[in-house]
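Below: one structure, written as structure tokens.
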Amino acid sequence: MGLVKYLAQRPAVERAIERDKPRLGTLEKRLLQEQQNTVKQAEILYALSFVSTGLASCDQLRYEIAERIMTGLVVGSSGWGVTLNSGAVISELATAHVLRALSANGFPVSASIHEELRGRLLARARSSGGTVDEVYVSTFVLQVLIETSLIQRSEAVLVFDYLWLRLKDKLAEPRESSIDLLGDHDRDFVRVPWQIHLIADAWLVRPIRRYLASSTQAALNQIVSGVLGEGFRYPDSGPYVSTRTYGYIYGMLSIIGSHGNVVGRGDLTWGSTLISALGVVRKRHRVIQGTLWAGAVTVVAAATLIWMRSDDFSIGDLAANFVAGGVIALMAWTTRRLR
């Protein structure tokens, strides 16, 4: 629990490490800014949701951060600004991060907050409007609303189709968006790996028509190949591998490896239902198992036919898909073994 201890005692640890006295002033300023940065605080809280409850130091830290975030709500609104207690306008990106973090840790969230996010997404999709940055952010907001079961399937389809139309031609080149939070171009920005979110959205909303599209599979293979190779990096994000980006990649692959469509909690695709059913049918029920396998093969064949008839079909994608599929299967197997 060294990381939890570091997070709880970070100011003291950082001050002890910084031996250059003149730089202590800069350190204090940075620590204060990060403590008021809504997205950073929400991401820390979300990360703590993966730590088992019952650890006193972690539980205390979890409640402290949650309280800090909740008191930082924009007064008289249904969301958060880019900084806590700033009185600024609502930021969809910051609010979505907070919604995900609070929900993952079991803290109650006012219905007006997710209704605000949902309403903005639907209005943008119905009008086919929005700036490029708003579209990028919407890929993450949609994923959060789906994961927290706060959007209806028909609404998710409407929003996703709008996002796909705006972004499908940009999938071929790995890029992430840098959203400048405070407008001062001084480290206060958040990178949005929208391609990762769009791939997850495709699996959750349109697993056959869009997730199996060659453009989506090529983007997925590029990410997986990078992870398996010398490390996946976005060209504009520097030479170093980002643990934050890897966290989003793992989250995306975990969603895909779960075989379930989260939209509607049980609104599963036929293929996912059949594949999941195969795992629970006992071997002695050979007739039932054979029927399910036949159904699964039919679904795969139909999906392949749709893929081959797509405008950007390329047979060269086939081998790459097997690589990505193999990694997903390996992760699912490893997860079961660890349990």
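Okay, here's what the table says:
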{"read-out": "Breaking point among (1) under 24 Å from Ala219 (Cα atoms); (2) in a loop (DSSP other than H, G, I, E, B); (3) small (Gly, Ala, Ser), for Ser138", "value": "(2)"}
{"read-out": "Single condition Leu117 does not satisfy, out of (1) under 25 Å from Leu167 (Cα atoms); (2) free of Cβ contacts under 8 Å to residues at least 60 places away in the same chain; (3) in a loop (DSSP other than H, G, I, E, B)", "value": "(3)"}
{"read-out": "Some residue of the range 143-153 being surrounded by fewer than 15 Cβ atoms within 10 Å (Cβ to Cβ), polar (S, T, N, Q) and under 15 Å from the mean Cα position of the chain (by Cα)", "value": "yes"}
{"read-out": "Residue match in the range 170-177 (condition: at pLDDT 90 or above and in contact with a Lys or Arg (Cβ under 7 Å, 6 or more places away or on another chain))", "value": "no"}
{"read-out": "Residue in the range 187-196 that is of a type in the set (Asp, Glu) and not in a helix (DSSP H, G or I) present", "value": "yes"}
{"read-out": "Single unsatisfied condition, Ser237 versus (1) within 30 Å of Val157 (Cβ to Cβ); (2) surrounded by 16 or more Cβ atoms within 10 Å (Cβ to Cβ)", "value": "(1)"}
{"read-out": "Check on Gly183, among the small types (Gly, Ala, Ser) and modelled with pLDDT under 90", "value": "yes"}
{"read-out": "Residue within the range 64-77 that is within 17 Å of the chain's Cα centre (by Cα) and touching a residue at least 24 places away in the same chain (Cβ under 8 Å) present", "value": "no"}
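So that you can scan it fast, the table gives a plain yes or no per residue for (1) in a helix (DSSP H, G or I); (2) modelled with pLDDT of 80 or more; (3) within 29 Å of Arg118 (Cα to Cα):
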residue: Arg23; (1), (2), (3): yes, no, no
residue: Leu31; (1), (2), (3): yes, yes, no
residue: Gln35; (1), (2), (3): yes, yes, yes
residue: Ala42; (1), (2), (3): yes, yes, yes
residue: Thr53; (1), (2), (3): no, no, no
residue: Cys58; (1), (2), (3): yes, yes, no
residue: Leu73; (1), (2), (3): no, yes, yes
residue: Gly81; (1), (2), (3): no, yes, yes
residue: Ser86; (1), (2), (3): no, no, yes
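The values are calculated or read from the model by the stated rules, or taken from the named source; none is laboratory data. Values in this document were obtained by computation on a predicted structure and should not be read as measured data. FYI the Cβ positions are ideal-geometry reconstructions off the backbone, even for glycines, and counts take in every protein chain you see.
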